[in-house]
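> The structure under discussion is supplied below as structure tokens; questions concerning it will follow.
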Amino acid sequence: MKKIIHVVGARPNFMKIAPIMEEMGKFPDHFQQLLVHTGQHYDREMSKVFFEDLGLPEPDIYLGVGSGSHARQTAEVMVRFEDILLEESPDLVLVVGDVNSTLACALVTSKLYVPVAHVEAGLRSFDRDMPEEINRVLTDQISDLLFTTEIGARENLLREGIQDEKIHFVGNVMIDTLLANKEQALAQRTFEEYGLQEGEYILLTLHRPSNVDDQTTLEGILYALMEIQRDTRILFPAHPRTTQRIQEFGFHQKLEDMNNMTVAEPLGYLSFLDLMAHARLVLTDSGGIQEETTILDVPCLTLRENTERPVTIKEGTNQIIGNKPEVIISETKSILNASQKTTNPPEKWDGQAASRIVSILRREGFD
Ligand code: UD1
């Protein structure tokens, strides 16, 4: 019997850990699982609702770290997580994604000579201005097992000197969760609650510091949205960081002036999945949404200069368009006027990623 600590901290972690815990739960004589929530995200809509929607167990340990500068947040997680590791002496710590909690816990674990497994390893935007890119590169360097989601990730890791034997291409656990919940989510018809018509609205998310922390950039994006909503309704579940910036910059009125724009609180997993699946188009700067829209065959315009998930462009529905207002407007119009494209799912995005991960852990003696 091996003791495994799973780490979650921020919104995009919850849907990645859920299928892994479920799969390990099928082998109760082999795995003792503990779930640690760092508390990087703490609002109900950013955290608790995902536990309910995904049937995740309550965290065994809650570190209650909260917001702060990168140094403060990362350091707080490290200090508190070290105590847990010393107390629990796990056989393996499993971290997912690229948030500050991922790196913080991986670093503490490796210094205490406990093996680290990183799920979603090897994704690279090659943009070190993104805090997530730093978290990815460093977490991968100190991980013992690297589970990758797309074919190109191995190449990225080998280039950084990671040994080939540590790398396992398993597919995408976030897509495991999507496929497992799709039917239930689509039955919700959340879009009707917002008075939207199937296939006739744009779903928008924005939270990257590069888009929302700079006043001029955010103003440009809002200008583009003002133009776009003249013809097509937009639903915008706003991230707390973005809501804060809109208030700080005094942009609230700009959104109020858009008659076809609905600003909502951040939404739960099932509601958001339903809204994505029925949208005509998704405008976003998120990482995970680029992958989810690819599986749902919904066009996705990504308001960034790069992506760490190139398979969503090569094989999926994603297009990288940056954040210049005129480009956002013209690319949106060209999607709205085009017929919808259908794609094949990327390799191993088949709902079986968690089961591959657990088989590999068993084979490697972690059970
Ligand atoms: C974090 C992750 C990012 C991920 C995103 C998804 C890092 C570096 N970034 O970015 O990779 O895509 O989560 O949401 O780890 N806040 C609240 N309530 C909350 C959480 C945050 O009000 O429950 C506010 C805080 O004021 C905070 C701000 O949002 O200052 C940003 O939160 P933070 O966790 O620092 O980063 P995100 O931008 O959410």
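Read-outs: derived from the displayed coordinates by stated rules, not from any lab. Computed from a predicted structure; not experimentally measured. We place every Cβ from the backbone using ideal geometry, glycine too, and count neighbours over all the protein chains shown.
> Whole-Hz Karplus ³J(HN,Hα) for the stretch 217-228, in order, using 6.51 cos²θ - 1.76 cosθ + 1.60 and θ = phi - 60°, x for Gly and Pro?
Per-residue couplings from phi come out as 4, 5, 4, x, 5, 5, 4, 4, 5, 4, 5, 5 Hz.
> If the cut-off is 21 Å between C-alpha atoms, which lysines fall inside it for LYS3, apart from same-chain ones fewer than 8 positions away?
LYS16, LYS26, LYS111, LYS166
> For the stretch 184-337, with only Lys/Arg (+1) and Asp/Glu (-1) charged at the beta-carbon, what is the dipole magnitude about the Cα centre, in debye rounded to 20? Working shown, then result.
Working: 13 positive and 23 negative charges, 27 e Å.
My answer is approximately 140 debye.
> Next question, about the same structure. From the helices alone, meaning DSSP H stretches of at least four residues, give me the mean residue ellipticity at 222 nm for the chain, per-run term -39500 (n - 2.57), in deg cm²/dmol to the nearest 500. Spell out each step's value before the answer.
Details: 17 runs with 169 residues, N = 367.
Theoretical 222 nm ellipticity from helices: -13500 deg cm²/dmol.
> Under a GNM of the chain (C-alpha, springs under 10 Å), which listed residue has the highest mean-square fluctuation: PHE191, PHE236, PHE27?
Between PHE191, PHE236, PHE27, it is PHE27 that shows the largest mean-square fluctuation.
> Just going by the charge dipole of the chain, with Lys and Arg at +1 and Asp and Glu at -1 on Cβ, which of THR302, THR284, GLN215 is farthest out on the positive end?
It is THR302.
> Turning to a different aspect of this structure: Just want the answer: with Cβ charges of +1 for Lys and Arg and -1 for Asp and Glu, which residue in ALA153, ALA71, PHE249 is farthest toward the dipole's positive end in the chain?
The residue sitting most towards the positive pole is ALA153.
> Here's a follow-up. Return the aspartates and glutamates within reach of LYS48: Cα separation strictly under 12 angstrom, same-chain partners fewer than 8 residues apart disregarded; answer none if there are no such residues.
Filter leaves GLU58.
> So which lysines pass the test for LYS341, namely a Cα distance under 16 Å, with those fewer than 8 places away in the same chain ruled out?
By straight Cα distance, LYS341 reaches LYS314, LYS333.
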